[in-house]
Structure formats: C-alpha cells, structure tokens
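K.L.:
I'd like to ask you about the structure that follows.
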Ligand code: ADP
C-alpha cells in the first residue's frame, strides 16, 4: 500500500515522503531503544505478552530476577517462579483479566534466583487496537516485600497491643500472643517466665499446625537445668536477644535439655530461631522463643528480630502490668480481709477491755458482774444464741447455774444445781480445758437437771479456773439450729473470756478475804488502842512513882548523911572514952568486961555508920575516885598484915601471893584497899578452919586481878546472885554468929563498877569461896 501511494507522487514528493518515512522509522527505533533501556534501567520487572497471554520475549528483568531462562518462562513456565500457594490465584486472576480485557492486578510471592521468595504487586495493562481487540499485554511486577513486611509488622504490633490491653491475666495474654505470632512471625513459639522462686516456667506455647498441637504440648516439660548455660538462660541473664538465621545440628544440640528433647527438636524440623528477652527497665521477666520450621522455607532476618524485640517489649510491659495488677488485687484482698478481721478483733477487744475495766474496780456484787459478763459474750459473738456461767458452790461442791443470757434459755433456771461430772458441762468441769461440739452432740443432757431439754446444734464449753483458785466452773455459748455457727475462733475468744472470768472470781475471793482481814485488823486496832491507853496510864503512874521514889531516895540520902554525921561524933567519943577507961588498972573484971563490950559495940556501930555513909555517897554520886600511882604489891601486903591478927585469932593460915611483873597501878588507894579489906575480912569471917589466900596477878598488860580464896562455909548457888544486894545476908542465924551489916559486898561491887572492873564469884557450900576482882591497870577519875 505504501509503494502504491509512492508511485502516484511526484519525485520531489516521493523523496520527501521517503525522507519522512526514514525519519519516523528512525524515531521509532529510538523510541524502542529508549523503551528497552527503560526496561533494563527500572528496578521493576517488566513483561509483555501477546493477546492470548503467552509471554513474549525478551523478558530480561524477569529472567534476571527469577533466574529462569527465556525458554523456561515460555508458555506458562513463568508460573514456576511463583510461590506454590499463590500460583492458583495467579492463574485464575490472569485468565479472568484476559477474558474481561481488564486491568490485571494481583499480589504474589515470587522466587528470586537465590531461592527466597519476596512479595510483588503485579499490574498488567491490555493494549487495545482500534477495532477493540487486544493486541498485547504490558505489565510490571513491583517488589513490595518491605512495604508488606512493615504493614504486617505494624498490624501484628497493633493486634498484640490490643491483646495485651484486653486482659489482665498474664496467661491469657501470653496464650493469645502465641496464637498471633504463629500466624505471622513463627511456625511455633513459646513464652517462659521467671516465677516467684526465680525458676523458669513455660507459660504459653503454640504451633502453627493445629493438627500438631497435642503432640506439641509436650514442649512445656523441656525446661533447661537452672545451673546450665542453656541459650534461654543466657538470653535471660544477659538481656541480649539470640538470632540464629539457620539452625544447624550443633545449635540444635545446645537447645536440647535431655535426649527426649533432642528427639522432639528433630521432629519439629526447626530451621531458624529467635530468642528475645522480656524485660521492663532492668528487670528480666522471661523470654519469647520464635521458631521457623524447614517447611516454611524462610529464615529469620534482622527485620524479624527487630519485630520480635518490639513484640517482646510490649509483652513484657503487659506481663509486668498483669503482675502488678495481681499483686495489687491480692494486697487489696488481703487488706480487706485484714480490715474485717481487725474489725472483729476490735469489737472483741472492746468487750474484753470493758470486762477488764470492770474487774479493775472493786467488786461489790459478783453476781451482777457475772451477769454482765454473759451479756457481753452473747453480744460479742453474733453467732452465739445463748451464753451462761456455771459455778461450783464452795460449800456444797455442786455446780450452780449462776448467770444466763440469750434466747431459748427459759428452760435454764439460775440456781439450778447438778453434780460435777454430770452432763456435758459437768464433764468439762471435771476434765478441764475447752471443747467445741457440733451436732450430733454426745447423747447426754447439758446438765443433769435439764435432762429433757433440747440440745443445741453447736456448743462451745470452757472450764474456768486458775492455778491459784483451782476449778471454779464452766462458761458456755451455743446455737440452737446451725451446727456450723460456732468456729474455733469463737472457742478461742470464749477461752479468753473464761480467763477473765477466772480473774474476776479469784479477785472477788481475794477481796472477800481482804475485807475479812481488814475487819479483823480493825478489831485488833481497837483492842490495841485500849491497851495503849491502859499502858499510857500505867506509864504515867510509874513516872509519878519514880518521882516519888527519887524524892524518897533524896530524903533517904539526906537523912543518912545527917544521921552518919550526927552518929559518928558521939560514937568516936564513946570509943575514945572506952579506950581511956580500959587503960585504968582499977577496974574490976566485971567493969572491964562491960567497958570492952561498949568499945566493941561502938566500933561496930562506927563501921556500920561509915558503910552507910559510903553507900549513900556512892548512890547519890557524891563519892569520887582519886586515882594516883601506887604499888599494888605493897597495898596487898599491908592490907593483909592489918587483918592478920583476925586470922591468928581463928588459927587460920593467911597467905599472900604477889605474881606481878609490874606492881605499879593507878587507882584510888583508899577505895582499892577498902575493896580488898572487905573481901579479905569476909573470907576470914566465914572461914572456921583452913586457910585464906590472897593473890595479886596480871591478866594482861592492861588488866590486873585480886583474888581472895577461902576454905570457909561457901555460898549456896541460889544465894550467889543476891549477895551484892544491900543489907543482904545469906542466913540470919549465921549473921548473928558472924556479925556484919550486909553492906560490905554492895559497897565493894559499886566501887569495882566505878573502877570499870568486874567481880567474879565461885563458891561451893561447905568447901569455900573465891572472889576475884579484875580491874584496869590504870583507873580514870570520875571527872575524866
Ligand atoms: P556482912 O557484913 O554480912 O559480911 P557482906 O555484904 O560483906 O555483909 O556479905 C553479905 C553476905 O554474903 C554475908 O552475910 C554472907 O552470908 C555472904 N558472904 C560474903 N562473903 C562470904 C564468904 N567469903 N564466905 C561465905 N559467905 C560469904
């Protein structure tokens, strides 16, 4: 056609036309060239087919990507590069597009030359001719793997977040997450969490293949030995994820915890593995293990790892929240429980406190206190329908219903009595302790008197008593209809009440005793008061008598002094004149005898007066010692010599023994001589035969002793204590025989006392006496 037209044109026109043709051919060639370059240059796969859908070579970019040869692509050969699962969809879509002459749009997985699959969006456009028929198809395949991955990841994370938020139960959250993960990220996966004891526990697990789930369940048993360096534990302790793109046999062995597990792992056909830690801040809560099997023909990539880590991060937060929530729930529950218990205890404590307060007061009416107590118990234990106290009567020893409170107790009459050991209560009284009874109760009455009365369905009985007071009675509460109404706690509370009751009763007894004692004391006080008043009167009388006595003594001393003075002057005259008369020779024997008697009686009287004078002086404190240095040996010897004539008259041997290393003493010479002369004259007076010995010796450096021993009549034991009394003479008949005043020893004793010494007497009737005087070597004057 073109040549025909050329032939009809002029030469110039033909030339122009040829040139135009050449130019447009050139433009077409360039355009084709540009198109080819574009196809090569683009990252997309570009293809085209004929109108029937048969691919038309060259398929440069397709072959380059899939590794198929041009020949392999021919016909439907290109389908082999599409993932088997997507192939059917690809064919059907393509056939529909051809039939409908429509745009062909589809997504499928395309295998690359290295065997891995990537996602592609396919788009084919029909080139329609003027007559409406399709000339060819031109299409592209765009790699959308990354976009899809990010979309999937985003969807997964969004879903994971909503699953995390949907529950506060940790195991439910983790179970849902495993289901989610096996659909997208893994062929099987599991969560391990650290429990309260720090041990790993498999909490949730899931396999993508539902048929394998039962078999897969045994994975829960394969937990690593806590002391091993199993990868799970390493991940947990380090907080670092483990990414094994391709699991080989060596790696599989590190995972196996025992031979069974090893077999199990082999059967799982594990090909790729991710272990990521579940951590919140620095706390490691557990791990998430994601696995791919060889059937998936996929391996974990860095993007998978990042996705898994993000999933683990969200899971960890949810787990932590769930833990916190559970802890809070538990704490709240415990708190509520504690508050309830506290409330109950407070109520019971208040009741106990009220009881204790009452006990601290002085009990005037024990019966009303006990009534208050049973009322309080009945109020404090809501499930108790009645309460009562039974006490033992201390006189009859029978048990007596003392106080009753509550409902259904009309059958119990306060004052009812029964014997210890009778009925349930009588037995608890005897055995002691406490007991909770629940229906059916033992086949016996509560107490013997109410044999026909109904038994409660629940009963707590506590024996009341104390070590101090012994058995006192029993305390009981009960419920008529509900066997479970009373608990062990109720029984314990009743025991506490029982202790309070025991204290109350013991106190009441003590107070009674105390009051009785107080009464007795008051009586004794009154008696003592009377006695005191009587004694006071007696004291006053004695004082008065003392005054009178002192006055009498004063008068006596005064009289004695006057009398002695008045008697001594005439007595000296009588003695002097008698001596003068005796010296005259013209007296006849009768006259001489009379004058001698006057002289002797005069001397005796003078001696008596002198003695009385000394005694009165000493008694009134008017006699003073005049100590001076003197030679004791000389004093003893001269005194003995002065009295020797008396010894000679009676034919008695008088011997003096001076056993002094140092004869020097300080004493009142006259009074010391008087002491010795008194003792010596008594010895000579009361001795008829034998001898009288005088001894002077040293007791120690500071003490000297004078001893006068005789072989005379001796002194009876009973008289010894009286011989130093004034005017005392052992035997009046003897006194007449031996003469004397009975004042000598009294004066001697007083003088020795003034000299701070002592007299010791030993005597035996008929054998003789020994008077021993012990004195300080140096005697102080009365004024010092
Ligand atoms: P009297 O002037 O009677 O001797 P004393 O006071 O010296 O008075 O003695 C009291 C009594 O003690 C004497 O009457 C005598 O019974 C008894 N008595 C004193 N010394 C002796 C003695 N050496 N032997 C026996 N009896 C003595």
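K.L.:
Residues in segment 325-346: is at least one under 30 Å from residue 186 (Cβ atoms), more than 34 Å from the chain's Cα centre (by Cα) and assigned to a helix (DSSP H, G or I)?
P.N.:
Yes, segment 325-346 contains at least one residue that is under 30 Å from residue 186 (Cβ atoms), more than 34 Å from the chain's Cα centre (by Cα) and assigned to a helix (DSSP H, G or I).
K.L.:
Look at residue 123 and say whether it is modelled with pLDDT of 90 or more, out of contact with any helix residue (DSSP H, G or I) (no Cβ under 8 Å at 6 or more places or on another chain) and under 21 Å from residue 56 (Cα atoms).
P.N.:
Judged against the criteria, residue 123 is a match.
K.L.:
Something else: Give me a count of the residues in segment 741-760 that are more than 7 Å from the ligand (Cβ to nearest atom) and in contact with a helix residue (DSSP H, G or I) (Cβ under 6 Å, 6 or more places away or on another chain).
P.N.:
Residues meeting the conditions: 5.
K.L.:
Here is a further query. Take segment 614-651 and flag every residue that is in a loop (DSSP other than H, G, I, E, B) and out of contact with any strand residue (DSSP E or B) (no Cβ under 6 Å at 6 or more places or on another chain).
P.N.:
Taking segment 614-651 first, the residues in a loop (DSSP other than H, G, I, E, B) are 620-627, 650-651.
If the condition is that a residue be in a loop (DSSP other than H, G, I, E, B) and out of contact with any strand residue (DSSP E or B) (no Cβ under 6 Å at 6 or more places or on another chain), then 620, 621, 622, 623, 624, 625, 626, 650, 651 are the ones that fit.
K.L.:
Do we have residue 205 as farther than 24 Å from residue 282 by Cβ and not in a helix (DSSP H, G or I) here?
P.N.:
So residue 205 fits the description; yes.
K.L.:
Consider residue 120 against the criteria (1) surrounded by 19 or more Cβ atoms within 10 Å (Cβ to Cβ); (2) part of a helix (DSSP H, G or I): it satisfies all of them except one. Which criterion is unmet?
P.N.:
Going through (1) surrounded by 19 or more Cβ atoms within 10 Å (Cβ to Cβ); (2) part of a helix (DSSP H, G or I) one by one, residue 120 breaks only (2).
K.L.:
If you take the residues of segment 719-735 that are at pLDDT 85 or above and not in a loop (DSSP other than H, G, I, E, B), which of them is farthest from the ligand (Cβ to nearest atom)?
P.N.:
Among those residues, the one meeting the criterion is 720.
K.L.:
Would you confirm whether any residue within segment 587-596 is over 15 Å from residue 747 (Cβ atoms) and touching a residue at least 24 places away in the same chain (Cβ under 8 Å)?
P.N.:
The initial filter retains those residues of segment 587-596 that are over 15 Å from residue 747 (Cβ atoms), namely 587-596.
Adding the requirement that they be touching a residue at least 24 places away in the same chain (Cβ under 8 Å) leaves none.
Within segment 587-596 (the criterion being over 15 Å from residue 747 (Cβ atoms) and touching a residue at least 24 places away in the same chain (Cβ under 8 Å)), the answer is no, since none of the residues qualifies.
Every residue, every condition in (1) surrounded by 13 or more Cβ atoms within 10 Å (Cβ to Cβ); (2) part of a helix (DSSP H, G or I), yes or no:
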position	(1), (2)
58	yes, no
71	no, yes
89	yes, yes
97	yes, yes
109	yes, no
125	yes, no
130	no, no
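K.L.:
May I ask you to list pairs of residues, at least six apart or on different chains, whose Cβ atoms are under 7 Å apart, with the first in segment 758-770 being within 18 Å of residue 690 (Cα to Cα) and in contact (Cβ under 8 Å) with a residue 40 or more places away in the chain and the second being assigned to a strand (DSSP E or B) and more than 10 Å from the ligand (Cβ to nearest atom)?
P.N.:
Sorted first by the residue in segment 758-770, then by its partner, the pairs are 770/707; 770/762.
K.L.:
Sort out for me the strands (runs of 3 or more DSSP E) sitting completely within segment 351-448 that have 3 or more residues that are more than 16 Å from residue 473 (Cβ to Cβ).
P.N.:
Values: elements: 386-392, 399-406, 434-438.
Correct list: 434-438.
K.L.:
Moving on. Here is a list: 240, 269, 246, 330. Which entry is exposed (fewer than 14 other Cβ atoms within 10 Å of the Cβ) and closer than 22 Å to residue 209 by Cα?
P.N.:
246
The values are calculated or read from the model by the stated rules, or taken from the named source; none is laboratory data. On a predicted model such as this, the values are computed, not experimentally measured, just so you know. Cβ atoms come from the backbone with ideal geometry, glycine included; neighbour counts cover every protein chain shown.
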